[in-house]
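The values are calculated or read from the model by the stated rules, or taken from the named source; none is laboratory data. Please read all numbers here as calculations on a predicted model, not as lab measurements. Here the Cβ is made from the backbone with ideal geometry for all residues, glycine too, and neighbour counts use every protein chain on show.
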Amino acid sequence: MFSLDTIVQGLLLGGLYALFAAGLSLVFGIMRLVNLAHGDLIVLGAYLILGLGTATGMSPFAAALIAMPLMFALGWLLQTRLLNRVLGEDILPPLLVTFGLSVVIQNGLLAASPPTAASWRRGRSRPPRSRSGRCRWASCRR
């Protein structure tokens, strides 16, 4: 059973990486835009799904249905208001803008959420709980 689980997880993770690579190659191939914030925007969407699911108790799939239009709107705003202004013959301005956007997203996520499980225990935030109300981590049961 362990090998079947490993194979399934490997296929799912490989498919996820293929989607990320397809997104990067499409953006660069069509628009000639080197987007260094591509991965950070994906992580921002994942955190949005996690936050919606944790705050409301809804399933991750329902939270994804809410997060998709929100992330689409964010991407559209970034494209129309920020990236279209720096696109041109030179590759450096879009590269610098997306690098800065990457730094802003990373630091915003780091400020908004605890980076380790230890910060949950220090009382900064409550640990995630299952639907039954019990803590999901072994350290909470002490």
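Could you list, in sequence order, the residues of region 20-37 that are within 19 Å of Ser102 (Cβ to Cβ) and either in contact with a strand residue (DSSP E or B) (Cβ under 7 Å, 6 or more places away or on another chain) or assigned to a helix (DSSP H, G or I) (or both)? Walk me through how you get there before you give the answer.
As a first pass, look at region 20-37 and keep what is within 19 Å of Ser102 (Cβ to Cβ): 20-21, 23-28, 31-37.
Residues satisfying the conditions are Phe20, Ala21, Gly23, Leu24, Ser25, Leu26, Val27, Phe28, Met31.
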Legend entry - Failed item, numbered, when Asp40 is tested on (1) surrounded by 14 or more Cβ atoms within 10 Å (Cβ to Cβ); (2) assigned to a loop (DSSP other than H, G, I, E, B); (3) charged (D, E, K, R): (2)
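Please return the ranges of helices (runs of 4 or more DSSP H) entirely within region 46-133 where 1 or more residues are of a type in the set (S, T, N, Q), at pLDDT below 90 and farther than 19 Å from Val34 by Cα.
Result: 117-121.
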Inset, instruction - Examine region 37-56 for a residue that is farther than 20 Å from Leu110 by Cα and out of contact with any Asp or Glu (no Cβ under 6 Å at 6 or more places or on another chain), and state whether such a residue exists. - result: yes
Inset, instruction - Within region 15-32, identify whether any single residue is more than 17 Å from the chain's Cα centre (by Cα) and at pLDDT 90 or above, and answer yes or no. - result: no
Inset, instruction - Go through (1) among the acidic types (Asp, Glu); (2) free of Cβ contacts under 8 Å to residues at least 40 places away in the same chain; (3) surrounded by 11 or more Cβ atoms within 10 Å (Cβ to Cβ) and name the single condition Asp5 misses. - result: (3)
